[in-house]
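First up is the structure itself, then whatever we jot down about it.
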Amino acid sequence: MKHYERSAPVLVTLELNGVPRSGYAEPRTLLSDFLRHQLGATGTHVGCEHGVCGACTVQLEGVAVRSCLLLAVQAQGRHVGTVEGLAAAEPEPQSLTDLQQAFKRHHALQCGYCTAGILMSCEHFLRQVPQPTEREVREMLSGHLCRCTGYHNIVDAILDVVAQRNKNSGKEGQHA
């Protein structure tokens with residue numbers, strides 16, 4: 001039987017929610033574990049560790065990705081956005097985004113374990129598809145497992161945000 005030596009930890013420096021951060025990680029450390037255990041971004045939840053459930057979804061350079069499928073070293077020098085950064089991006093410190101407010105208003109969460117990942121995917125999705133249909137929203141959500149809600153209220157919350165954003169931008173009644 002071959003005996004393998006453990007690799008020495010390496011310094012990983014990235015931008016977390018707009019703030020430069022660093023920590024040490026073994027080359028095989030998952031980004032999800034690095035974010036949670038080294039950088040304290042505990043809003044990134046770990047569910048399946050196989051990229052199936054979506055609980056660990058973060059944004060890497062603005063794109064929704066499964067952090068359990070990436071190594072921490074792959075984020076070296078890059079921007080990582082987590083759910084903790086959503087409220088920080090708002091004009092008022094600690095205020096909720098329109099999407100977070102809609103989730104609250106529509107009771108689109110119960111235990112909340114999947115919510116952070118869903119929010120991160122939704123933010124990316126709505127930048128790509130600002131006027132989605134209900135079907136497109138449901139297709140996007142198909143990459144997330146939620147055992148509590150049945151998804152109906154999540155879909156309502158997202159479509160409510162779409163309607164509000166369209167109303168505010170004067171695009172009411174238009175569809176992509």
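The largest accessible area among SER7, SER142, SER32 belongs to the first residue in SER142, SER7, SER32, and the rest follow in falling order (1.4 Å probe, all chains).
Label positions at GLU49 and GLN74, each projected 7 Å from the Cα along the C-beta direction, are separated by 1.7 nm. Backbone amide hydrogens, once placed in the peptide plane, bring LEU71 within less than 5 Å of LEU31, excluding anything fewer than 5 places away on its chain. Sorted from longest to shortest, the spans of the Cα atoms of the chain along the three principal axes equal 64, 35, 28 Å.
How big is the charge dipole of region 33-172 about its Cα centre, in debye rounded to the nearest 20, if each Lys and Arg gets +1 on its Cβ and each Asp and Glu gets -1 on its Cβ? Rounded to the nearest 20 debye, it is 120 debye.
Probe radius 1.4 Å, ligands and nucleic acids ignored: give me the carbon and sulfur share of the accessible area of the chain as a rounded percent. Of all accessible area on the chain, carbon and sulfur atoms account for 52 percent.
Counting charges near PRO9 (Lys, Arg +1; Asp, Glu -1) among other residues having Cβ under 14 Å from its Cβ returns a value of -1.
Over region 1-119, average the accessible area per residue using a 1.4 Å probe and give it in Å², no decimals. Heavy-atom accessible area per residue stands at 55 Å².
The values are calculated or read from the model by the stated rules, or taken from the named source; none is laboratory data. The model shown is predicted, which means the values in this text are computed figures rather than measured ones. Neighbour counts are summed over all protein chains in view; Cβ atoms, including those assigned to glycine, are modelled from backbone coordinates with ideal geometry. Note: areas computed on protein heavy atoms with side chains; ligands, DNA, RNA excluded. Shrake-Rupley method; radii C 1.70, N 1.55, O 1.52, S 1.80 Å.
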